[in-house]
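A short write-up of the structure that comes next.
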Amino acid sequence: MKFFIDTANLAQIKEANDLGILDGVTTNPSLMAKEGIKGAAAVRAHYKAICDIVKGDISAEVTATTYDEMIKEGDDLATIASNIVVKIPMIKDGVKAIKYFADKGIRTNCTLIFSAGQAIVAAKAGANFVSPFIGRIDDSNWDGVQLIDQIAQIFSIQGFSTEILAASIRNPLHIVRCAEAGADICTCPLDSILGLLKHPLTDIGLAKFIEDSKKFI
Ligand code: E4P
């Protein structure tokens, strides 16, 4: 399973990349706004800065919601760097835009996926990635990981090559459960990635090893 970081914060992207296990980055308009990025030129420059740090896939989301505007914006985003993946919302015009980009050889990530039906349509249109938002499903009193499991089964039975990019990850256990359910990628906040490293018995064990090493060094 691949690891993406879900942020537009350059310091966090660098920290995750330095770990040596980062395969890509996802952003969205809310994450860009959080970093205070304003205006088309600043957005472009920020995506370029992210692409310069991480060699893997970088999802850049369109803000338009009509077909014509989405393809204009996506065509432009795709020129920023060869590792840009155009992120398109799961709406009717978005599906048409995914097909347009697939025919053009521009990679897409279909975002805001909350059902298996939406994932099937995005895959049929030629999306390279589908992003089911598991944390937001959990928030609505449903099990988000079950959706990953269902989509993984469908894509395997139907032979879809679209990758399942589990999004809206809230904690380390989400990552483990998504891996178990067959997600191809988890896009995670830095805290959730770092949380995977932690175990109290590791800390206790290491403290003892350090103490005992003083006896013979
Ligand atoms: C995915 O690509 C989205 O950017 C993200 O995972 C949404 O997460 P949230 O539900 O924590 O906002």
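The values are calculated or read from the model by the stated rules, or taken from the named source; none is laboratory data. A quick note: this is a predicted structure, and the numbers were derived from the prediction, not measured. Glycine also receives a Cβ, built like all others from the backbone with ideal geometry; neighbour counts cover every protein chain displayed. Accessible surface areas use protein heavy atoms only, side chains included; no ligands, DNA or RNA. Shrake-Rupley method; radii C 1.70, N 1.55, O 1.52, S 1.80 Å.
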Taking into account only those residues within segment 176-195 that are within 18 Å of LEU19 (Cβ to Cβ) and away from the ligand (no atom under 12 Å from the Cβ), which is most open to solvent (accessible area, probe 1.4 Å)?
VAL176
Residue list for segment 62-76, restricted to those being crowded, with 22+ Cβ neighbours inside 10 Å and either within 16 Å of the ligand (Cβ to nearest atom) or on the phi > 0 side of the Ramachandran plot (or both):
VAL62, GLY74
Within the set of pairs 6+ apart or on separate chains, which have a first residue in segment 136-147 that is charged (D, E, K, R), a second that is open to solvent by 100 Å² or more (accessible area, probe 1.4 Å), and C-beta atoms under 9 Å apart?
ASP138/ARG170; ASP139/ARG170
Could you check, for segment 37-51, whether at least one of its residues is within 23 Å of ALA179 (Cα to Cα), open to solvent by 70 Å² or more (accessible area, probe 1.4 Å) and away from the ligand (no atom under 14 Å from the Cβ)?
no
Top-ranked residue in segment 122-141 [being surrounded by 14 or more Cβ atoms within 10 Å (Cβ to Cβ) and small (Gly, Ala, Ser); ranked as nearest to THR108 (Cα to Cα)]
ALA127
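State whether the residues of segment 108-115 include one that is away from the ligand (no atom under 15 Å from the Cβ), open to solvent by less than 60 Å² (accessible area, probe 1.4 Å) and not acidic (Asp, Glu).
To start, the set of residues in segment 108-115 that are away from the ligand (no atom under 15 Å from the Cβ) comprises 115.
Subset that is open to solvent by less than 60 Å² (accessible area, probe 1.4 Å): 115.
Next cut, not acidic (Asp, Glu) only: 115.
Yes; the residues of segment 108-115 include at least one that is away from the ligand (no atom under 15 Å from the Cβ), open to solvent by less than 60 Å² (accessible area, probe 1.4 Å) and not acidic (Asp, Glu).
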Here, helices (runs of 4 or more DSSP H) confined to segment 27-126 with at least 2 residues that are in contact (Cβ under 8 Å) with a residue 40 or more places away in the chain are 40-53, 116-125
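Every residue, every condition in (1) touching a helix residue (DSSP H, G or I) at 6+ places or on another chain (Cβ under 8 Å); (2) within 17 Å of VAL121 (Cβ to Cβ); (3) open to solvent by 80 Å² or more (accessible area, probe 1.4 Å), yes or no:
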{"site": "ASP143", "(1), (2), (3)": "yes, no, no"}
{"site": "PHE160", "(1), (2), (3)": "yes, yes, no"}
{"site": "LEU165", "(1), (2), (3)": "no, yes, no"}
{"site": "ILE169", "(1), (2), (3)": "yes, no, no"}
{"site": "PRO172", "(1), (2), (3)": "yes, no, no"}
Here's a check for you: in segment 22-36, which residue that is open to solvent by less than 30 Å² (accessible area, probe 1.4 Å) and out of contact with any Ser or Thr (no Cβ under 8 Å at 6 or more places or on another chain) is farthest from the ligand (Cβ to nearest atom)?
LEU22
Is it the case that segment 137-146 has a residue that's closer than 22 Å to ALA78 by Cβ and within 16 Å of the ligand (Cβ to nearest atom)?
no
